[in-house]
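Visitor: Sharing a structure, written as structure tokens. Questions coming.
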Amino acid sequence: MQIPLARPEIDDADIAAVRSVLQDPEGRLALGPRLGAFERDLADAADRKIAIAVSSGTCALHLIVRALGIGPGDEVITTPFSFVASTNCVLFERATPVFVDIEPRTLCIDPERIDAAITPKTRAILAVDVFGHPADWPALERIADRHGLALIDDSAEALGSMLNGRRCGSFGRAGVFGFYPNKQITTGEGGAVVTDDPHLAELCRSMADQGRGDGGWLHHVRLGYNYRLDEMSAALGLSQLGRLDAIVESRARVAERYSDALAGIDGIVLPSVADGVRMSWFVYVVRLAERFSRSDRDGVLEGLSRRGIGCRDYFQPIHLLPFVREALGTAPGRFPVTEAVADRTIALPFFNRIREEQIEMVAGALREELERVG
Ligand SMILES: *Cc1c(COP(=O)(O)O)cnc(C)c1O
């Protein structure tokens, strides 16, 4: 690809931080001091008391679902417009994801549709801060309180975003971050649970570390996993997290340049940002207007790819993935907002150091491809 869809920004300080782990005279490549330091800084960045760094965002979600004791027969309300992990974590525990359609501007779960999905089996609401945009947390908190449900904040795409001065990751019982290389900060592979609940944190930490208790290396008090984050990854995360504000700012500048460059193009819906939101942009996703079909969109994606421009149909609706249809009996037509949006999305190349002329080139190519399809 001439212009990739995403690209992590690794600077000299990041490289030095990882090298210093590898050069540690004691050879501490796991469970060392950078892990603890990364967790403290992460907790601060999320306005939480506790952070537990783990080996992926998916692991973090799984730990929370298990720590809340969610299992067979329980229902978890969530969004079909997300990365698949936010549904898989419920399926891992043989509980039932119950999808609720999205709000068409923020693309996050629509609180007004949740009441109708609540049953006596509902245990939790797992909402996602889609593309970095906060879900409507005040409304979600009211619903969760009214019905006695646990609220989970999948903020894997929203480290650094804020809603009315509150940080993403800080809502509900626990939040999740992800540090795959396309996220705002990366550890290679990695993720974290953030929470204010010491009991929940204790359970997550133990399960992430082979079910260990306080009794020592071979003392296992519960079923556990190895979801630990190694020391090289923690060092990289710590270094990257130290410049989160600068990263959020440079991504905001890129988003602004895109909005300017695309403003005059007929047939494109630009991403919208609700009042009270500070966006930490994960990806920059435009939508084609209603008059375009899914195959028009696919044609545009193909045309852009042919020109060497990284692009993607972010996301495919989760309820339409074959294995989910088989597990839950879902079918097309059930979540019309999600389906209409998902048929028309185009994620454009988006990374901190994308150059102005690259943005112009993408905008020009998009205009031409749109004219070509109709
Ligand atoms: C990235 C992401 C995750 C975590 O993904 P991993 O690849 O397991 O780190 C979880 N939920 C959402 C919405 C994501 O975008």
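Visitor: Estimate the FRET efficiency between residue 105 and residue 11 by the formula 1/(1 + (r/R0)^6), using the beta-carbon distance for r and 41 Å for R0, to the nearest 0.05.
Guide: Numbers: r = 35 Å, r/R0 = 0.85.
FRET efficiency, residue 105 to residue 11: 0.70.
Visitor: A further question on this structure: Residue-wise, which Karplus ³J(HN,Hα) couplings in Hz belong to segment 311-325, taking 6.51 cos²θ - 1.76 cosθ + 1.60, θ = phi - 60°, and x for glycine or proline?
Guide: Here the 3J(HN,Hα) series is 7, 7, 8, 7, 9, 7, x, 5, 5, 9, 5, x, 6, 6, 4 Hz.
Visitor: In what sequence, highest mean first, do 282-288, 353-359, 216-222, 335-341 appear when ranked by Cβ atoms within 10 angstrom? Show your work: numbers first, answer last.
Guide: On the way: 282-288: 23.1, 353-359: 14.3, 216-222: 10.1, 335-341: 18.1.
Per-residue mean Cβ counts within 10 Å order the peptides as 282-288, 335-341, 353-359, 216-222.
Visitor: Another question about this same structure. Gain in length, residue 223 to residue 245, computed as 0.36 nm per residue apart minus the alpha-carbon separation, to one decimal in nm? Don't skip to the answer; put the middle values down first.
Guide: Details: separation 22, 0.36 × 22 = 7.92 nm, distance 3.83 nm.
Taking 0.36 nm per residue and subtracting the Cα distance, the gain is 4.1 nm.
Visitor: Still on this structure, please answer the following. Suppose the chain between residue 263 and residue 19 were pulled fully straight at 0.36 nm per residue; how much longer would it get relative to their current alpha carbon spacing?
Guide: Result for the pair: 83.4 nm of gain on full extension.
Visitor: Continuing with the same structure: Assign one of three labels to the chain, namely rounded, prolate or oblate, based on the Cα gyration tensor with a ≥ b ≥ c the square roots of its eigenvalues; rounded applies when a/c is under 1.5, prolate when it is not and a/b is larger than b/c, and oblate otherwise.
Guide: Values: a/c = 1.94, a/b = 1.23, b/c = 1.58.
Cα axes put the chain in the oblate bin.
Visitor: Enumerate the helices in the chain for which the Kyte-Doolittle hydropathy averages -1.0 or more and the C-alpha atoms extend at least 20 Å along the helix's axis, using complete DSSP H runs.
Guide: Values: long enough: 244-262 (27 Å, -0.14); 356-373 (26 Å, -0.44).
Going by DSSP H runs, the hits are 244-262, 356-373.
Visitor: Once the principal axes of the Cα atoms of segment 188-245 are found, what is the range along each, listed largest first in whole angstroms?
Guide: 39, 25, 16
Visitor: Also: So how do 74-80, 37-43, 145-151 stack up, highest first, on mean other-Cβ count within 10 Å?
Guide: Numbers: 74-80: 24.9, 37-43: 20.1, 145-151: 15.0.
Ranking, from highest mean packing down: 74-80, 37-43, 145-151.
Visitor: Would you mind giving the three semi-axes, in whole Å and largest first, of the ellipsoid equivalent to segment 276-324 according to its Cα gyration tensor?
Guide: They are 21, 19, 13 Å, listed largest first.
Visitor: Using the Kirkwood formula on the Cα atoms of segment 88-199, what hydrodynamic radius do you get, in angstrom to one decimal? Numbers along the way, then the final one.
Guide: Details: mean 1/r = 0.0686 Å⁻¹.
By the Kirkwood definition, the hydrodynamic radius is 14.6 Å.
Visitor: Additional query: Can you tell me which of 320, 238, 328 moves the most in a GNM of the chain? Springs connect C-alpha atoms under 10 Å apart.
Guide: Most flexible of the set in this elastic network: 328.
Visitor: In deg cm²/dmol, rounded to 500, what helix-only [θ] at 222 nm does the chain give when every DSSP H run of at least 4 residues adds -39500 (n - 2.57) and the total is split over its residues?
Guide: Values: 12 runs with 140 residues, N = 374.
Taking each H run of at least 4 residues, the total per residue is -11500 deg cm²/dmol.
Visitor: Still on this structure: Report the full-extension gain for the segment residue 331 to residue 368: residue separation times 0.36 nm, less the Cα-Cα distance, to one decimal in nm.
Guide: Roughly 9.9 nm would be gained on extension.
Visitor: With +1 on each Lys and Arg Cβ and -1 on each Asp and Glu Cβ, and nothing else charged, work out how big the dipole of the chain is about its Cα centre, in Debye to the nearest 20. Intermediate results must be reported in sequence, preceding the final value.
Guide: Values: 42 positive and 53 negative charges, 95 e Å.
Rounded to the nearest 20 debye, it is 460 debye.
Readers should treat all values here as calculations from the given coordinates under stated rules, not as data from a laboratory. Keep in mind it's a predicted model, so treat the numbers as computed, not measured. As a convention, Cβ positions derive from the backbone with ideal geometry for all residues, glycine included, and neighbour counts pool all protein chains shown.
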